[in-house]
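Quick note: the coordinates plus some simple rules give every number you see, no bench work behind them. Remember, it's a predicted structure, so these values are computed and weren't measured experimentally. Glycine gets a Cβ as well: all are built from the backbone with ideal geometry, and neighbour counts include every protein chain shown.
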Amino acid sequence: MTDTLSLRERRIGFFLAILLALLGLTMAAAARHGAMAVHGVIAMAIGVALIFLIAGSLYDPDADPARKDRYYDAPTQAGIFFTLIWAMIGMGAGVWVAALLYWPEATPLWPATSFGRLRPVHTTGVIFGFGGNALIATSFYVLQRTARTRLADAISPWFVVIGFNLFCVWGVTGYLMGSTQSKEYAEPEWYSDIWLVIVWVTYFVLYMRTLARRNEPHIYVANWYYLAFILVVAMLHIVNNLALPVSLTGARSFPVWGGVQDAMIQWWYGHNAVAFFLTAGFLGMLYYFLPVRSGRPIWSYRLSILSFWGITFFYIWVGSHHLHYTALPYWVQTLGMTFSVMLLVPSWASAGNALATLNGAWHKVRDDATLRFMFVAAVFYGLSTFEGSFLAIRPVNSLSHYTDWTVGHVHSGTLGWVAMIVFGAIYTIVPHLSGREAMASPRAVEWHFWLAVSGTLIYVISMWNAGITQGLMWRTYSENGALAYSFLDSVRAMAPYYLLRTIGGALFLAGAVVCTWNCRKTMRAVPMGGSASDRPLSAQTPPRRPFDAEPAE
Amino acid sequence: MSGADDDRPVDPVTGYQTTGHNWNGIIELNTPMSRIAVWALVLAFLYSVVAWILLPAWPTGNHYTRGLLGLDQGAEAVDGYRQIHDARQGWMARFDDPDFAALAGDPAVMAEAGPAATRLFHDNCAACHGDDGGGGPGFPVLSDGYWMWGGDPATIAETIRVGINGTDPDTRISEMPRFDWMSREERAILADYVAGLPAQSADPGSPAAQLFADNCATCHGDTAAGGLDNGAPSLADASVIYGQDAETVNTTLWAGRHGTMPSWSGRLTPAEINLLALHVLRLSQGRATP
Ligand code: HEM
Ligand code: HEM
């Protein structure tokens, strides 16, 4: 890491590391006990580790000046490393909580291992840890290549990657200690939230500065999506997390919102977290890696525009579909429902655009497991958005809400779409960054693909069954006006589905383990030399025109 | 835009022209806007407009458009509840002021009420007492015909209504006091004695029997058979709450017991409570389907 930084950058990094250690020390000293103190110690430990790391290189030779003729990929590499680590943690916790739902009596007598504390470890671990790191890592990679310029500076990408992971670690360790704001997907307490704002603003500024230096007249679609992701997540995060700390030396706080307004703000946040964290950013990923891997042009530029603005505009309205049949006024629910239905059109336009892009490359889809990951991602993106719009219709939601159908929908989106596109991107980037043509073990990629697909199908299909069974059991009356099933009956009926889900999840996790092993092997293997065209424009001979060099097949 | 006479390259596979943009090899086709997408958007929008006209939809300052159907979700919820309630009322009303003997003897009513009672029991009682009333550590067996508070249906209904050490003002109150003031040895021999009661292996002439008569008989009865309707169970029968091995009895003696049965007066209607009382009785007689 440090050999890619100039001496001046190392000094700045050294200074920032000292600041981080001091921040941690202050937090620990002020709070003295509880989650905030532990988090202070964690920050201090990371700060001190960085101090040592950088101090050792302060008097080393300066970085190679030729590095400016290259893209800056070290932060991307680190981001991918963290992506894989968090995949293990987050999906491991997922399989664990899935197993707890089947064997609840297996909960150890230790509060940190209770379902309630492990569940947010799972959601934060996968959404922010796994998904977030993948987004950050790929955004740097894609941004540089589509703007044909090097990242604007070398310090802020590291600040973003390390700062973001500190936020994730604070979140996850906090839950284990029982520290939470009790807002789903926004559980971390006030100081973590402020920290994330600092990290995120840095991220945004870095993105804009790099984009401003681009050597291309136009901004590629992928960047629109990444930017929407960064910008809207900042807005959502700040508004939903407005809270008054009980004291500045403790982890607890109260949200400034109350009652049904709080619920609406939370789900406005919650759904747009789905939209701009779990969808927009990953669409950016899809728009870059799919054409690159398939070697095909994006099928329709116009459809890209329609989808982008449709998704951005409609999504903002639909949060209320999470609050159907609640104290939220009916009119808000109607708006959420109708906008969700309209949202299907741009969503399918994206999925369709992706699939049509594969036109002329179907033989590659058949032969290349990496491209198949992306193909499956596009299909599941279509499926889960169709399902989402359907579930948003009030009478349908009256059946599905509170059931495992929601969980099935969630994982058809997250496993089938989000995780698949991440793995597709990883399998494209990792050999590239290691200067190789392909992953160390193509067979392992093939294995991973089938583990992931079968795991997803088992998970999703069992949850559909579980959810619809639950929903029907809860609403069936016998002709004498009494409920036909007790709640307990519906809990018992879940057992086979919960077992299946655990198995499906374990398969999916196994695939992720195979991926991690394969990536490690690839990164350690001997490089074969990078491609000459993979340089900023300033360092290139005139770029080849499309199709010029494409040999006739 | 799509004039064919400019020099933008054409994609050999589809024959479409590209947009001329190129990002490090990524290019885009200049495919015209898909008709289907536009029509789908129009259709989805029409659906929305119809929904906005029919349903409450857009805010207008302090009010909102009510929609032609005039729907109100509060009213709908109450309505739905009424319908179910009315459907039940046919047979449920008979349980309002029960003549238990007559009800239990009427197979037609019980045929309708039986399954409903099972569901009520599963939803409200089974978490503590088990589906079949089989109880569990700390929660008494209801299906064995041994009672702390009495086993005729009216008394069971009263127990359910007010609870035991519950929140109802008339709740039944009972407590197994702590005997932590006894010496360790006294507790040990007493525990052995009590553990032997169900099998009638306890020695009536022992010092433990004397301790029992002095300290325990007021509540548990001279023969330890309970039945005083004060909440103290029989210690001489096979039915146990916490456990009647010497070790558990020792714990009971040292720490006391204060079991809590919730009061159901605020949560279930009188008819439901009566129905449950009959269900519990029938469980204890082996006549109800658990
Ligand atoms: C190894 C595979 C996985 C397994 C076994 C798994 C398992 C679970 C389980 C058991 C729950 C709790 C459901 C409940 O409370 O009833 C859950 C919730 C959730 N998981 Fe996963 N999961 C996996 C992968 C993922 C991934 C990769 C993501 C995201 C990228 C994800 C996102 C979520 C979300 C957002 C929820 C909350 C759903 C809700 O509140 O409705 N999961 N998962
Ligand atoms: C057109 C697109 C979509 C629409 C209209 C939509 C709609 C919905 C609806 C109606 C619910 C159920 C709310 C409830 O009953 O509680 C839901 C839940 C959820 N959806 Fe989607 N969905 C869409 C796409 C996606 C995608 C692509 C993902 C993931 C990548 C996703 C992730 C989730 C999550 C995590 C939840 C659970 C939230 C919670 O209760 O914790 N959705 N969505």
Exercise. Going by how many other beta carbons lie within 10 Å of each one, how would you line up A:52, A:81, A:508, fewest first?
Worked result: A:52, A:81, A:508
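Exposure proxy check: A:313, B:121 ranked by fewest other beta carbons within 10 Å? Don't skip to the end; give the middle numbers.
Values: A:313 13, B:121 25.
Result, fewest neighbours first: A:313, B:121.
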Exercise. With labels modelled as points extended 7 Å from the Cα through the Cβ direction, what inter-label distance (nm, one decimal) is found for residue A:69 paired with residue B:47?
Worked result: 5.7
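Using only the Cα atoms of segment A:155-218, build the gyration tensor, take square roots of its eigenvalues as a ≥ b ≥ c, and label the shape rounded, prolate or oblate: rounded if a/c is under 1.5, else prolate if a/b is larger than b/c, else oblate.
Values: a/c = 3.68, a/b = 2.77, b/c = 1.33.
It comes out prolate by the Cα gyration axes.
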Exercise. What is segment A:1-147's relative contact order, in percent, from Cα pairs under 8 angstrom and six or more apart in sequence?
Worked result: 24
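Which of rounded, prolate or oblate describes segment A:71-525 when judged by the alpha-carbon gyration tensor and an a/c cut-off of 1.5? Working shown, then result.
Values: a/c = 1.41, a/b = 1.30, b/c = 1.08.
Judged from the Cα gyration tensor, segment A:71-525 comes out rounded (a/c under 1.5).
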Exercise. In what sequence do A:460, A:246 fall when counting other Cβ within 10 Å, fewest first?
Worked result: A:246, A:460
For this session: Please list B:70-81, B:92-103, B:137-148 highest first by mean number of surrounding beta-carbon atoms within 10 Å per residue.
Result: B:137-148, B:92-103, B:70-81
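What does the average come to when, for each residue of peptide B:85-93, you count the partner chain Cβ atoms lying within 10 Å of its Cβ?
Working: counts 1, 1, 6, 4, 1, 2, 3, 3, 0.
Whole-number average of other-chain Cβ neighbours for B:85-93 is 2.
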Seminar exercise, completed: So for segment A:248-332, using the alpha carbon gyration tensor with a ≥ b ≥ c as root eigenvalues (a/c under 1.5 gives rounded; past that, a/b versus b/c decides prolate or oblate), I'd call it oblate
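Short version: what are the Cα gyration tensor semi-axes of the protein assembly as shown, square root of 5 times each eigenvalue, largest first, in whole Å?
On the way: eigenvalues 773, 243, 112 Å².
In descending order the semi-axes read 62, 35, 24 Å.
Please report, ordered by residue number, every helix of chain A (full DSSP H runs) that is 15 Å or longer along its axis going by C-alpha atoms and whose mean Kyte-Doolittle hydropathy reaches 1.0.
Those that pass (Cα extent of 15 Å or more, hydropathy at least 1.0) are A:7-31, A:35-55, A:74-102, A:155-176, A:190-212, A:221-240, A:369-391, A:420-433.
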Exercise. Residues with amide H under 5 Å of residue A:253's amide H, sequence separation 5 or more or different chain, H placed in the peptide plane at 1.01 Å from N; which?
Worked result: A:246
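Quick one: compute the contact order of chain A, relative version, from alpha carbon pairs under 8 angstrom and 6+ residues apart, as a percent. Display every interim value, and only then the final one.
Values: 842 pairs, mean separation 75.9, N = 553.
Rounded, it is 14 percent for chain A.
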Exercise. Taking the simple approach of a point 7 Å from Cα along Cα-to-Cβ for both residue A:249 and residue A:495, what is their distance in nm?
Worked result: 5.3
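Summing -39500 (n - 2.57) over the DSSP H runs of n ≥ 4 in chain B and dividing by its residue number, what mean residue ellipticity at 222 nm do you reach, to the nearest 500 deg cm²/dmol? Before the final figure, lay out each step's value.
Details: 11 runs with 128 residues, N = 290.
After summing the helix terms and dividing by residue count, I get -13500 deg cm²/dmol.
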Exercise. Under 14 Å from the Cα of residue A:364, which aspartates and glutamates turn up, not counting those fewer than eight places away in the same chain?
Worked result: A:446, A:553
Exercise. Sequence-distant or interchain residues sharing an amide H contact under 5 Å with residue B:168, placed H: which?
Worked result: B:263
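Quick check: net charge around residue B:285, other residues with Cβ under 14 Å of its Cβ, Lys/Arg +1 and Asp/Glu -1? Before the final figure, lay out each step's value.
Working: positive: B:282, B:287; negative: B:132, B:144, B:152.
Around residue B:285, the charge tally is -1.
Hydropathy at least 1.6 by Kyte-Doolittle, axial extent at least 27 angstrom from the Cα trace: which helices of chain B, defined as entire DSSP H runs, fit?
Values: long enough: B:35-54 (29 Å, 2.13); B:73-92 (29 Å, -1.03).
Membrane-span-like by this rule: B:35-54.
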